[in-house]
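Comments concern the structure below.
The values are calculated or read from the model by the stated rules, or taken from the named source; none is laboratory data. None of the values given here were measured: they were computed from a predicted structure. Note that each Cβ is placed from the backbone with ideal geometry, even for glycine, and that neighbours are counted across all protein chains shown. Ligands, DNA and RNA are stripped out before the accessible areas are found, and what is left, the full protein with its side chains, is counted by its heavy atoms. Shrake-Rupley method; radii C 1.70, N 1.55, O 1.52, S 1.80 Å.
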Amino acid sequence: MAPKTTTPHVLSKAAARHIWIAAQRLDTPEPFGAGPEATQAAVEHLGYVQIDTINVIERCHHHILWTRIPAYRREDLARAQSVDKSVFEYWTHALSYVPTRDLRFYLGAMKRYRRQPRPWFASVKKADLGKVLTLVRSEGPLTIRDIEDDVLVEKDHPWASRKPSKRALQLAFYTGVLTVSARNGMVKTYELMERHFGWDAPPKPASEKERAAYLLDRALRAQGLVSLDSICYLDAGSKPAVRQAIEARVRRKELVPVVLAGEEKLLHWARPEVLATAGGAPSDTVHILSPFDPLMIQRKRTQLFFDYEHRFEAYVPKDKRRLGYFALPVLVGDEIVAAIDLKADRENGKLLIQQWTWFTDGRRDGLKTRIDEELHRFERFQLAR
């Protein structure tokens with residue numbers, strides 16, 4: 001059940017898109033500036049930046065940051081993680097870069113993993129876990145490639161490793177004993193968490209009430225207009241506490257209940273000052289988005305706001321794909337006008353267009369010119385090393 005509210009404010013979908021795009025900082029050039037500080041600022045504003053293994057083009061964490069930081073360099077993220085230590089890796093709805101300032105809100109999840117690891121880790125033997133922790137404590141940070149004496153086992157999952165130490169390292173990561181201190185592509189370097197951050201004592205874990213307020217504030221900052229599902233994406237267990245936080249703020253008039261015109265069954269909320277600025281003219285910026293971009297990853301929300309159903313077809317048989325293996329939505333202003341399936345041909349220094357799918361009947365000539373300009377910029381980013 002949704003929280004009890006007064007009559008909700010009715011908002012057009014165009015105004016809702018305006019709010020969300022502005023909250024994502026996709027309506028203005030260089031919203032976070034440039035340099036390493038921009039990377040930290042972007043991750044802190046968004047709340048998380050998803051990590052994924054697919055590299056048919058540049059991996060999504062770099063792509064998401066480049067979309068909001070035109071001068072973004074991959075080494076800026078490496079510095080934030082390994083030198084400034086302003087971001088760290090952990091699980092949100094997926095493996096993500098998260099602001100270090102928010103670490104205390106993840107300590108509860110780490111404790112739950114220690115108390116009851118997921119079935120995926122049932123095969124981890126105490127000896128294997130003890131082995132990797134002893135190695136890290138005595139020899140310092142290491143990668144799975146540094147462990148050469150494993151007795152290899154058969155894979156029990158396509159993404160599993162034949163090295164038992166790999167899953168032991170992952171378990172120690174999820175329980176918060178180890179953290180990822182550096183990343184080279186998808187090869188992770190693990191270090192003791194307290195040694196990486198230089199703690200005399202670890203931060204105090206957030207209470208359930210504090211964590212619910214954090215999830216609500218994070219969503220309000222990065223989404224502008226929120227629903228219970230968008231706040232607790234793939235995290236149904238947090239909904240009761242977040243619902244209480246919403247009800248308290250509605251009573252204090254810090255949040256206003258909202259519905260989208262024609263979609264009155266799904267309740268949203270926004271801060272009054274956000275609603276007061278809604279409805280302005282949309283930006284005319286062009287963005288080639290990652291399918292894992294925060295604007296895209298919640299597919300039902302994207303469809304509700306943009307009337308656009310994105311299909312991620314990397315794992316779909318070729319003859320059943322409609323948009324292509326790794327289609328990237330193209331946002332122009334407040335409209336998703338196309339999806340382009342791209343592939344980086346790094347050997348020959350080219351960005352290949354595999355398929356171009358339009359979702360608009362008019363204005364294509366002018367749009368294509370502008371999209372082509374952004375594709376050239378995207379190509380330079382893809383191939384820069």
Per-residue [θ]222 nm for the chain (sum of -39500 (n - 2.57) over DSSP H runs n ≥ 4, rounded to 500): -11000 deg cm²/dmol
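Pairs of Cα atoms under 8 Å, at least six residues apart: use those to get the relative contact order of the range 87-217, whole percent.
Once divided by the residue count of the range 87-217, the mean separation gives 28 percent.
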Calculated FRET value between Asp217 and Ala261, using beta carbons and R₀ = 30 Å, to 0.05: 0.65
Cβ-derived FRET efficiency at R0 41 Å, Phe197 paired with Leu352, nearest 0.05: 0.45
What does a probe at Ser123 reach in the range 166-187, counting residues whose amide N is under 20 Å from the point 7 Å along Cα→Cβ? 166-175
Net charge of neighbours whose Cβ lies under 11 Å from the Cβ of His61, counting Lys and Arg as +1 and Asp and Glu as -1: -1
Under the classification rounded if a/c is under 1.5, otherwise prolate if a/b is larger than b/c and oblate if not, where does the range 57-97 fall, given a ≥ b ≥ c as square roots of the Cα gyration tensor eigenvalues? oblate
Taking a ≥ b ≥ c as the square roots of the Cα gyration tensor eigenvalues, with a/c under 1.5 meaning rounded and otherwise prolate when a/b beats b/c or oblate if not, the chain comes out oblate
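Assign unit charges at the C-beta atoms only (+1 for Lys and Arg, -1 for Asp and Glu), then state the dipole size of the chain relative to its Cα centre in Debye, rounded to the nearest 20. Working shown, then result.
Values: 61 positive and 49 negative charges, 246 e Å.
So the dipole magnitude of the chain works out to roughly 1180 debye.
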With a 1.4 Å probe and all protein chains left in place, how much accessible area per residue does the range 158-231 have, in Å²? 43 Å²
For Ala236 and Phe359, compute 0.36 nm times the residue count separating them, minus their Cα-Cα distance, and round to one decimal in nm. 41.0 nm
Would you please give the residues with an amide H less than 5 Å from that of Gln355, counting only those at least 5 places away or on a separate chain, with H modeled from the backbone geometry? Asp341
Between the range 296-328 and the range 212-247, what's the alpha-carbon centroid distance in Å? 25 Å
Could you work out how far the C-alpha centroid of the range 89-150 sits from that of the range 252-266, in angstrom? 40 Å
Carbon and sulfur together cover what percent of the accessible area of the chain at a 1.4 Å probe radius? 51 percent
Between Thr134 and Ala276, what length comes free when the chain is fully extended (0.36 nm per residue of separation minus the Cα-Cα distance, one decimal in nm)? 45.4 nm
What does the accessible area of Glu139 come to, in Å² to the nearest 10, when a probe of 1.4 Å is used? 140 Å²
Within the range 343-385, what residues put their amide N at less than 20 Å from the label point 7 Å along the Cα-to-Cβ vector of Thr285? 367-382
The answer for the net charge of residues other than Cys232 whose Cβ lies under 10 angstrom from its Cβ, with Lys and Arg +1 and Asp and Glu -1, is 0
Report the net charge of residues surrounding Lys126, where surrounding means a beta-carbon distance below 14 angstrom and charges are Lys +1, Arg +1, Asp -1, Glu -1. +3
For the range 29-54 and the range 160-206, what is the centre-to-centre distance using only Cα atoms, to the nearest Å? 22 Å
Where a ≥ b ≥ c are root eigenvalues of the Cα gyration tensor, a/c under 1.5 meaning rounded, otherwise prolate if a/b exceeds b/c and oblate otherwise, the range 280-385 counts as oblate
Hey, what do the phi angles of the range 369-385 turn into as Karplus ³J(HN,Hα) couplings, whole Hz, using 6.51/-1.76/1.60 and θ = phi - 60°, x for Gly and Pro? 4, 5, 5, 4, 4, 5, 5, 5, 5, 5, 4, 4, 5, 4, 9, 6, 9
Distance in nm between pseudo-label sites at Ile54 and Asp372 (7 Å out along the Cβ direction from Cα): 2.7 nm
